[in-house]
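The values are calculated or read from the model by the stated rules, or taken from the named source; none is laboratory data. Just so it is clear, the model here is predicted, and its values are computed rather than measured. FYI the Cβ positions are ideal-geometry reconstructions off the backbone, even for glycines, and counts take in every protein chain you see. To get the accessible areas, we keep the full protein, side chains included, count just its heavy atoms, and leave off ligands, DNA and RNA. Shrake-Rupley method; radii C 1.70, N 1.55, O 1.52, S 1.80 Å.
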Amino acid sequence: KELDAFFQHMLEKLGMKLATMMLPEEENFLLLFRRETPLDNSVEFMRIWRNYDTDSSGYISAIELKGFLQDLFVQHRKNINADKLEEYTDTMMKMFDKNRDGRLDLNDLARILSLKENFLLKFKMDACSQEDRKRDFEKIFAHYDVSKTGALEGPEVDGFVKDMMELVKPSISGADLDKFRKALMGHCDINGDGKIQKNELALCLGLKLS
């Protein structure tokens, strides 16, 4: 089993290098984009996910992926025609749609965007002292409170939910995430403002900040 995993890893690495050497310039650019601009925060990842999952299906379809690639090329001032865009979309689908169902799930898009390791893995969830738990909580909240408002909202909640779920279930779908998000908001959003205040999250996690 370990040997299989090793060879799989090697094939993926070699396959990516060979593809980089052989693909046309624009597809080569897509691979370079993936490697050189990794995301280090699930909040930004979920912002992208919500933006391009336009039908809120919990998946990125080929049409939605094409919209993402088109915006990516425009952002980097690269002009391509409709036929080429269709071809590149098909290529990316073949490379990253691991279960070959014609759509991308959260994990597939995370691979495309080279999302870095789950931030919550840095922390011991069974920290001994209350002070250690408070210290960890402060770091965790600051990481997801990208807007620095003292409350998690929108993609900030999504990013936190995604990373929390992945601690117990490595492969999650958009539907899983939406279900857990709804449950979390129902449990933690005590004042019903559609956000999770710092003290609300602390209360949910059994912490007293003061």
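The table for this structure:
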| read-out | value |
| --- | --- |
| Residue ID - least open to solvent (accessible area, probe 1.4 Å), chosen from residues in region 170-197 that are among the polar types (S, T, N, Q) and under 20 Å from R103 (Cβ atoms) | S173 |
| Selection from region 178-204 of residues that are acidic (D, E) and within 16 Å of D145 (Cβ to Cβ) | D189, D193, E200 |
| Single condition D108 does not satisfy, out of (1) modelled with pLDDT of 90 or more; (2) closer than 21 Å to L177 by Cβ; (3) open to solvent by less than 60 Å² (accessible area, probe 1.4 Å) | (1) |
| F137 vs. criteria open to solvent by less than 20 Å² (accessible area, probe 1.4 Å), in a helix (DSSP H, G or I) and in contact (Cβ under 8 Å) with a residue 12 or more places away in the chain | yes |
| Cross-chain or 6+ apart pairs with Cβ under 8 Å, region 189-200 first and over 20 Å from K139 (Cβ atoms), then among the aliphatic types (A, V, I, L, M) and open to solvent by 40 Å² or more (accessible area, probe 1.4 Å) | I190/L203 |
| Residue tally, condition open to solvent by less than 60 Å² (accessible area, probe 1.4 Å) and outside any loop (DSSP other than H, G, I, E, B), over region 198-210 | 4 |
| Condition check for E131: more than 15 Å from the chain's Cα centre (by Cα), open to solvent by 90 Å² or more (accessible area, probe 1.4 Å) and modelled with pLDDT of 85 or more | no |
| Residue pairs meeting the criteria (Cβ under 6 Å; at least 6 apart or on separate chains; first touching a residue at least 60 places away in the same chain (Cβ under 8 Å), in region 47-67; second open to solvent by 40 Å² or more (accessible area, probe 1.4 Å) and part of a helix (DSSP H, G or I)) | G58/A175 |
| Hey, K148 open to solvent by 70 Å² or more (accessible area, probe 1.4 Å), closer than 27 Å to D108 by Cα and either without any contact (Cβ under 8 Å) to a residue 60 or more places away in the chain or touching a strand residue (DSSP E or B) at 6+ places or on another chain (Cβ under 9 Å) (or both) or not | no |
| Any hit, region 107-122, residues being more than 29 Å from M95 (Cβ to Cβ), touching a Leu at 6+ places or on another chain (Cβ under 6 Å) and touching a residue at least 60 places away in the same chain (Cβ under 8 Å) | no |
| Which listed residue, of E153, E166, is under 20 Å from E117 (Cβ atoms) and open to solvent by less than 70 Å² (accessible area, probe 1.4 Å) | E166 |
| Residue match in region 46-60 (condition: open to solvent by less than 40 Å² (accessible area, probe 1.4 Å), among the polar types (S, T, N, Q) and either under 30 Å from M165 (Cβ atoms) or at pLDDT 90 or above (or both)) | no |
